[in-house]
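Asks: Structure in structure tokens, see below.
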Amino acid sequence: MTADRDRPEILSRAATEARQIAHGLGRIDAALGTLLHATGIEAATPLQSADLLRQEVEGLASFLSALADQAAQGRALDGAAAADGLPLAAQARRLTGLPDAQCAGLDDLWGGAA
């Protein structure tokens, strides 16, 4: 089936796109930090939120890349294996299909609930 043969390439392109977004978010995060430092404004929460968003997109890119690798090897897609090693526990749980209620109490970076 053509759709199955295209699956690795589609997932790989999605992973590449997510990595590009994460890179852009990293540049924005760094620029915000520089700007806030130069102006003396205390704004830890927005910076932490920007950094968490970047990390979530990086995690999504890793997850998609792992799925693309599985598909390219002709294996069944295994979300749990693809999420293994993701640094944000709540994201890994969400990507493996746990209901939001089971993720609600998990803290990600900076002590905020996911």
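The values are calculated or read from the model by the stated rules, or taken from the named source; none is laboratory data. Keep in mind that this is a model prediction, so the values were computed, not measured. All Cβ positions, glycine included, derive from the backbone under ideal geometry; neighbour counts span all protein chains shown.
Asks: For the range 49-88, which positions are surrounded by fewer than 18 Cβ atoms within 10 Å (Cβ to Cβ) and among the basic types (Lys, Arg)?
Replies: Arg75
Okay, residues lined up against (1) at pLDDT 85 or above; (2) of a type in the set (D, E, K, R); (3) part of a loop (DSSP other than H, G, I, E, B):
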{"residue": "Glu56", "(1), (2), (3)": "yes, yes, no"}
{"residue": "Leu60", "(1), (2), (3)": "yes, no, no"}
{"residue": "Ala81", "(1), (2), (3)": "yes, no, no"}
{"residue": "Ala92", "(1), (2), (3)": "yes, no, no"}
{"residue": "Leu98", "(1), (2), (3)": "no, no, yes"}
{"residue": "Ala101", "(1), (2), (3)": "no, no, no"}
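Asks: If Glu42 passes every condition in (1) assigned to a helix (DSSP H, G or I); (2) without any contact (Cβ under 8 Å) to a residue 12 or more places away in the chain; (3) over 17 Å from the mean Cα position of the chain (by Cα); (4) surrounded by fewer than 14 Cβ atoms within 10 Å (Cβ to Cβ) but one, which one does it miss?
Replies: (1)
Asks: Which residues, counting only those in the range 46-67, are free of Cβ contacts under 8 Å to residues at least 60 places away in the same chain and either of a type in the set (A, V, I, L, M) or over 30 Å from Asp78 (Cα atoms) (or both)?
Replies: Once the filter is applied, which keeps residues that are free of Cβ contacts under 8 Å to residues at least 60 places away in the same chain and either of a type in the set (A, V, I, L, M) or over 30 Å from Asp78 (Cα atoms) (or both), the range 46-67 yields Pro46, Leu47, Ala50, Leu53, Val57, Leu60, Ala61, Leu64, Ala66, Leu67.
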